[in-house]
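As structure tokens, the structure follows; a few thoughts come after it.
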Amino acid sequence: LQLPINTMRSSTLVCALSGQSIPSNEEAVVTPSGKICLKGLLLSKLADNGGTDPFSEEPMDEERLVSLSSSSLAVIPPRPSATSLPELLNLLNTEYSNLVLELFDTRRLLEETRKELSQALYQNDASVRVVARLSQERDAARQELANWNVQSLTQDTNNEGASRKRTRLLSVNDSSEQSVEVNSIPTSHLEIMTETWKALSQKRKAQKKEVGARAPSQADVKAYVEMSHTAYHKAYGKQGIMDIIIIAEENLVVSVGKDRQVCLFDGGKVVQSYGTGDLIPCFVDAIGTDLIAVASLCEVSLIMGEKRLQLKLETFRPGEKIVDLSLHPSNQHVIVATTNRINIYSTVDGNLLAYFNFCDNITCGALHPDGLIYAVGTDGGKMALWDLKSQKLASTLGDGGMVMQRIVFSNNGYHVASLAGKLNVWDLKKQVSIIELGIETDELQSMIFDPSGKYLAYGGGNGVSICAVKEWTELVKLDFAVSQLDWGGSLVSSSLTERTVRFYGLKVG
């Protein structure tokens with residue numbers, strides 16, 4: 001940009017429009033034609049002549065103006081000191097020395113920063129080690145306390161033999177010396193269970209036709225497809241749903257996942273969710289939203305709205321883990337099956353009411369819809385039926401063999417399905433196997449009866465199949481890997497490897 005010679009030598013700027021000096025407190029600008037003007041005067045001139053440069057008659061706007069600072073042009077540059085070769089060499093030497101000193105300071109600061117970072121990382125690693133050691137000591141102390149509680153309970157029980165009713169009963173179907181230790185249910189709680197059983201038995205008989213009329217026809221079941229699928233649990237962290245159940249009365253689905261969340265959802269939206277702490281929940285049961293039972297392998301929590309109740313499991317033996325969780329229809333009791341025994345707790349205060357010990361290891365369990373029969377599967381492949389009313393081992397079903405993986409009752413109260421290397425359906429009245437389905441059960445993980453008891457759905461890694469009860473013929477197969485099934489208004493499935501819940505039914509439209 002070529003400026004007038006007089007402006008370069010002067011300590012002030014002269015406006016090309018007015019011919020007067022531009023005060024230091026006013027802003028000066030340069031036009032594209034190279035003229036210096038007072039900005040306010042030039043803008044008013046542009047407004048008068050329609051945006052045309054008053055010097056070159058070319059179009060011009062405010063954005064093309066270059067602002068000048070009169071103070072910067074008024075500074076007289078210093079006289080050059082390096083006018084000879086020795087002076088130039090001296091100047092270069094000085095600049096080099098300054099650069100070397102600056103580089104030295106920079107490297108020194110870098111070294112100090114590295115030392116501080118190294119010390120911080122060492123302190124962090126030491127803190128992690130201390131926390132890990134304290135966690136191990138805490139877990140060891142908890143285990144020792146649990147062992148001490150078990151020993152104390154055993155001693156107290158031996159000293160109070162007269163206060164607890166203990167009997168040894170032999171299985172009516174098993175000629176071996178299998179023993180069962182009984183700790184009787186308090187009379188008041190047994191009366192509640194009995195009254196609930198009477199009410200539910202009468203209700204089921206009265207509603208049998210109504211429920212059967214609402215059941216889909218075999219033609220409808222053959223047309224079943226996946227209606228929708230939604231991922232309700234968290235997308236980050238571990239993926240997979242451990243258990244799922246339908247609350248039919250309120251049209252809600254409850255699921256527990258590896259993300260340590262309990263989700264209640266209705267169709268496409270989550271109604272409520274709860275965190276379960278540090279442990280991954282493995283089982284869930286609910287009769288209504290007023291009471292939801294959630295269990296990991298070693299803890300049981302009851303969710304009652306905003307209130308939570310932790311069951312008192314201090315009597316668990318070392319190595320004992322939970323294999324089934326069932327809420328009693330009375331909503332006043334919860335049955336927790338572990339590898340060593342059946343435990344009955346109160347949902348009011350979380351106290352242990354009664355327990356029944358088995359010699360064989362328990363691997364799964366299920367509660368009859370009426371609430372007075374509890375079935376457990378053993379690692380010997382047998383199914384033991386416990387009568388809660390008489391508090392006796394009523395019978396055992398199965399010939400033994402492979403480990404019993406799952407038991408599920410039909411809502412009609414007559415059928416029970418078991419999975420132990422093969423899928424069997426039993427008649428509870430006759431206590432005989434009705435059908436042994438010829439299914440490859442290596443990938444089979446779950447089965448469920450529909451609410452009417454007319455259909456049985458079973459599935460695993462190879463998909464979901466639905467067969468008709470009595471005919472036992474496969475009606476439809478759905479190619480989705482599942483680990484959990486439940487059947488309310490529609491068939492619902494989930495998987496241990498993904499957070500998706502799938503709904504199956506008759507496609508509308």
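For this structure, a couple of remarks:
- Ranking of 63, 58 by solvent-accessible surface, largest first: 63, 58 (1.4 Å probe, protein heavy atoms only, all chains present).
- Spin-label model distance (nm) - residue 111 vs residue 92, 7 Å beyond Cα toward Cβ: 3.0 nm
- With the simple model of a label 7 Å out from the Cα in the direction of the Cβ, residue 18 to residue 211 spans 9.8 nm.
- Annotation for the stretch 352-372 versus the stretch 456-494: alpha-carbon center distance of 26 Å.
- Mean Cβ count within 10 Å, highest first, over the residues of peptides 334-346, 485-497, 126-138: 334-346, 485-497, 126-138
- Here the label points at residue 56 and residue 41, each 7 Å from Cα along the C-beta direction, are separated by 2.1 nm in the simple model.
- Remark: accessible surface ordering of 148, 472 (largest first) is 148, 472, probe radius 1.4 Å.
- Surface composition of the stretch 327-373: carbon plus sulfur atoms contribute 46% of the solvent-accessible area (1.4 Å probe, protein chains only, all chains present).
- Burial ranking of peptide ranges 87-96, 199-208 (average Cβ count within 10 Å, highest at the top): 199-208, 87-96
The values are calculated or read from the model by the stated rules, or taken from the named source; none is laboratory data. Note that the coordinates shown come from a computational prediction; the quantities given were computed from them, not determined experimentally. Here Cβ is always computed from backbone atoms with ideal geometry, including for glycine, and neighbour counts include all displayed protein chains. These accessible areas exclude ligands, DNA and RNA; they are computed on the full protein's heavy atoms, side chains included. Shrake-Rupley method; radii C 1.70, N 1.55, O 1.52, S 1.80 Å.
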